[in-house]
Amino acid sequence: MLAARMTKNEDQLQLCLALRPPAEGDDSGEPREKKIAVLTSGGDSQGMNAALRGIVRVAIYAGCSVFFVKEGYKGLLEGGEMIIPATWSSVSDIMHKGGTVIGSTRNEEFKEREGRVQAVCNLVQAGINYLVVVGGDGSLTGALLLHDEWPQMLQELMGTGRITQREASMYGTLQLVGLAASIDNDFHGTDMTIGCDTALHRIVEATDSIASTASSHQRCFIMEVMGRNCGYLTLKSAMASEADYVFIPELPEPENWQETLCEKLKYERKMGKRMNIVMVCEGAQDSHGQHITSQMVLEVVETTLKYDTRLTVLGHVQRGGRPSAFDRILATRMGAEAVRCLLDPEEQGQEPKVISLQKNALVRADMAASIKGTQEENEALRRQDSPKSVEMRGRSFGNNVQTYKMLNAMIESNPEETPKFTVGVLHVGQPACGMNAVVATLVRMAAHLSVRILGFHNGVEGLAAGNFEELSWKSVDGWVPQGGAKLYTDAKNAEGLEKDIANTLETNGVQALIIVGGFQAYVTALQMFQGRQDNPQLCVPVNVIPSSISNRIPGTDFSVGADTALNELTAMCDRLRLSAQGTFKRNYVTEVMGKHCGYLATMGGIASGADQSYIFEEPLTLNDLQTDVNHMKIKMERGDIVRGLVIRNEEFNPNFSTKFIYQLFAEEGKEVFTTRMLILGPLQEGVSPTPFDRDLAIKLAASAIKWTVEQLESGAGAGPDSPQTATLTGIVGKEYCHTPVTEIEENADFTYEIPKTQWWMKFRQLAKIVATFNEAYENGKVSLESLET
Ligand code: ADP
Ligand code: ADP
């Protein structure tokens, strides 16, 4: 078909070429202007729009022209109207939308060499030799081929007279960068692909809804999750939903899986569970490579156990809905980094890169090697090489498998056996979603480690008063998805209560403490450590698990509950966006939580596409605020936006209060737009933890209880002079680490209760670039090289 079309158009092409103005270049033969094309291809995924926004805005900031190629490779093949200029405002109001606003298709013609020749021709004729492809491994494979064949194809096109010699030399190489977007997280070399976190949100939301009905009717639900070649989504959602059994392709099932499955489900019912959830990955298989379908699983449960069993195939639900905050932020960062990489003088003429997330930082990975790695992973699966598959998925995949297994093992408890250790757990600080998941995981892991867990109620006061209950495997069933703090929490620290606490520990034989909470949880651990000279009974291993919506605890990049709060506030900002649709122009001044920490305001600002976010850590003058008001007026006047969103962190500045900022925008902007004020308040805490918060809670708790037992076994905490035993279990990069609380002191600002240095502050500049025009920079414009992503 393509060949026919090309032959028919041959004469027209020659004519066009003769009439086309010469390629614009300077004297050295370099194109006068850098033109970047961007396309989305393959299966769509949530966050693609945020990537487009990031690419377009950062490219414009850098002085380039940007073009959208509509409908993926189809648009590249058709050229003409399918390659259109992208403007600053063309990416307004798209962040919150699912899928991709420029369309994505699967295109067979592009797989043919002839098709790709046509694509090269269209790009060169449009004066474009910078390309960003956002898609899965198939799309990036196609892009890499295009890159590799480019020089040869230029010669051929020149030979047939379809491009000029000047064009061939001016656009001699294709500068290519890829962004891996796929809900399955199946691309080698990146910790996360764009869209995966949102898919997890959809699966976990669906499973939560099903769990309540399943429990009412004592049903067993079989959930089929997407992933022909990758069990990542299934495994993570099984952990987050406390599923009783999981089938993933990386772990082929034994021949007698039917028996193992039924035995496990029977055990769960015996333990008092009123329902079962079984997660089946699309690509599940047995050790002979036989496909295990969700229907097969359903039949086994129905016929063998005679349970009321239902099958839910989640299907395209997993692809849909609003992108999660993480996907929007990740895609914005990756989009910005793609432009930096394309324009970096050191990258010119180098092999194409894929922007990848590794240990919470963006890196430029070699595209060919990443594709090869992905193919090898798929090949290992086909060969049924389970250890290799698990290994190639990365260390944390293997750890996830182990953690899932431990949390779901069948434990035959022996009432005669006395546990080796007794550990207390309590909350200190404001409630945060995921606190219950921490406690549930501690209890379940403790069962393997011969540890008795005492849950203290009402924070430190409850600890001082000896107010506790013994927690059992059964008592924490169903806690993971629940928000709030079932043990109740209080922000009070241990000051003045050291003696009473020492007394509780001694009287009840508590040998170690795990404190789950915010900045004051950390302070409590420090106080206990410091108080041990006067009260030797305090000399027990103490561990803090950071849990705070504000993410303001030193010693960790993330704290449990912050991702939920971020998603809640992003959802609320989306609603504001919708309410402001229509012909009138409106600006919202919105106050968000976080005390003196600007994490939620900054990340929420990026995720919701806010025009500004004001935080305590970044002091501003009235002049700065005035510049922002003027800038908002320009954007509104030009019609680039119809709604404005200004986010203010609750402790930004006592003089520039939320009301003050509202009044400033309302007064100065009144000719152009109306302004409203909104304080989001505790609604941001959320009602159910996000998949990431559940996952983080589980990992931190598993790591903390293992550390605690190691300390107890090694005799640490035996006296005031024994080795340091008060630590905080945090995640730094991707490592789970136990940092002594005294070491963390250096980076703790005790006046404002925030870390002195905060890793996410580096995104402040990026947040500004994607929200503002170049004219907004009266001074302080950064170069692309120094922009941090
Ligand atoms: P994804 O990018 O989500 O993995 P596909 O595998 O369907 O999705 O690929 C999307 C498109 O990328 C295909 O329709 C085709 O146009 C192109 N493509 C995929 N594989 C190749 C290949 N080996 N060679 C050239 N183009 C390819
Ligand atoms: P792990 O199992 O250790 O979490 P993964 O291989 O799943 O590792 O990698 C996921 C990584 O991506 C996390 O370590 C984290 O850095 C990042 N990540 C994933 N989802 C989120 C999120 N919602 N918020 C912040 N970071 C996230």
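The values are calculated or read from the model by the stated rules, or taken from the named source; none is laboratory data. As the structure is a computational prediction, the values presented were derived from the model and not from experiment. Note: ideal-geometry Cβ built from the backbone for every residue, glycine included; neighbour counts use all protein chains shown. Please note that ligands, DNA and RNA were not included when accessible areas were found on the heavy atoms of the full protein model with its side chains. Shrake-Rupley method; radii C 1.70, N 1.55, O 1.52, S 1.80 Å.
Within straight-line reach of Lys492, meaning a Cα separation under 17 Å, sit the following lysines at least 8 residues removed in sequence or on another chain: Lys595. Using a probe of 1.4 angstrom and keeping all protein chains present, the accessible surface of the range 58-192 works out to 33 square angstrom per residue. The range 73-139 and the range 141-158 have their alpha-carbon centroids 16 Å apart. Quickly work out the Lys762-to-Ser89 label distance, labels modelled 7 Å from Cα along the C-beta direction, and quote it in nm with one decimal. The modelled label-to-label distance comes out at 3.5 nm.
Across the range 751-761, rounded Karplus estimates of 3J(HN,Hα) from the backbone phi angles (6.51 cos²θ - 1.76 cosθ + 1.60, θ = phi - 60°) give 6, 9, 6, 9, x, 5, 10, 10, 4, 7, 4 Hz, Gly and Pro being marked x. For Phe558, the residues whose amide H sits under 5 Å from its own are Ile731, ignoring neighbours fewer than 5 places away on the same chain, with H placed 1.01 Å from N. Of Thr556, Thr304, Thr260, the order by accessible heavy-atom surface (1.4 Å probe, DNA, RNA and ligands excluded), from most exposed downward, is Thr304, Thr260, Thr556. Modelled spin labels at Tyr267 and Glu351, positioned 7 Å past Cα toward Cβ, are 4.6 nm from each other.
The residues of the range 196-318 expose on average 38 square angstrom of accessible surface per residue, using a 1.4 Å probe on protein heavy atoms. Electrostatic tally near Lys270: other residues with Cβ closer than 11 Å to its Cβ, Lys and Arg +1, Asp and Glu -1, net +2.
The trypsin sites (Lys or Arg not before Pro) of the range 272-347 that meet both conditions, a loop assignment by DSSP and at most 13 other Cβ atoms within 10 Å of the site Cβ, are Lys306. Around the amide H of Ile514, modelled in the peptide plane, lie the amide H atoms of Gly424, Val425, Leu426, Asn543, all under 5 Å away and 5 or more residues distant in sequence or on another chain. In the chain, the DSSP beta bridges split such that about 25 percent are antiparallel, to the nearest 5. The accessible area of Glu461, taken with all protein chains in place and a 1.4 Å probe, comes to roughly 100 Å². Packing, taken as the mean count of other beta carbons within 10 Å per residue, orders the peptides 121-132, 184-195, 503-514 from highest to lowest as 184-195, 121-132, 503-514.
Assign one of three labels to the chain, namely rounded, prolate or oblate, based on the Cα gyration tensor with a ≥ b ≥ c the square roots of its eigenvalues; rounded applies when a/c is under 1.5, prolate when it is not and a/b is larger than b/c, and oblate otherwise. Oblate shape, in that a/c is at least 1.5 and b/c is the bigger or equal ratio. Under a 5 Å amide H cut-off, with hydrogens placed 1.01 Å from N, Ile754 pairs with Asp749 among residues at least 5 apart or on other chains. Could you tell me which of the pairs Lys405/Lys474; Lys635/Lys781; Lys236/Lys486 are separated by over 22 angstrom between their Cα atoms in the structure shown? Exceeds cut-off: Lys236/Lys486. For the range 99-104, backbone phi angles converted through the Karplus equation (6.51, -1.76, 1.60; θ = phi - 60°) give residue-by-residue couplings of x, 9, 6, 9, x, 8 Hz, Gly and Pro being listed as x. Phi-derived couplings, Karplus 6.51 cos²θ - 1.76 cosθ + 1.60 at θ = phi - 60°, listed residue by residue for the range 641-653: 9, 10, 9, x, 9, 10, 9, 10, 5, 4, 10, 3, 6 Hz, with x used for Gly and Pro. For Lys353, the aspartates and glutamates whose Cα falls under 19 Å of its own Cα, not counting residues fewer than eight places away in the same chain, are Asp137, Asp148, Glu149, Asp186, Asp191, Glu337, Asp344, Asp366, Glu376, Glu785, Glu788. Given a 1.4 Å probe and every protein chain left where it sits, what share in percent of the accessible area of the chain is carbon and sulfur? Carbon and sulfur: 50 percent of the exposed surface of the chain. The distance linking the range 259-322 with the range 617-691 is 49 Å (Cα centroid to Cα centroid, whole angstrom). For the chain, the mean residue ellipticity at 222 nm estimated from helices alone is -13000 deg cm²/dmol, where every DSSP H run of n ≥ 4 contributes -39500 (n - 2.57) and the total is divided by all residues, rounded to the nearest 500. Most simply put, the range 196-318 has about 5% antiparallel DSSP beta bridges, counting only bridges with both residues inside it.
A 1.4 Å probe run over the range 535-599, with the rest of the protein chains in place, finds 24 Å² accessible per residue. Taking a ≥ b ≥ c as the square roots of the eigenvalues of the Cα gyration tensor, the range 196-318 is oblate, since a/c reaches 1.5 or more and a/b is not larger than b/c.
Inter-part distance, the range 733-789 to the range 216-241, computed on C-alpha centroids, equals 36 Å.
Taking all protein chains together, Arg219, Arg166, Arg694 sort by accessible area into Arg166, Arg219, Arg694, largest first [probe 1.4 Å].
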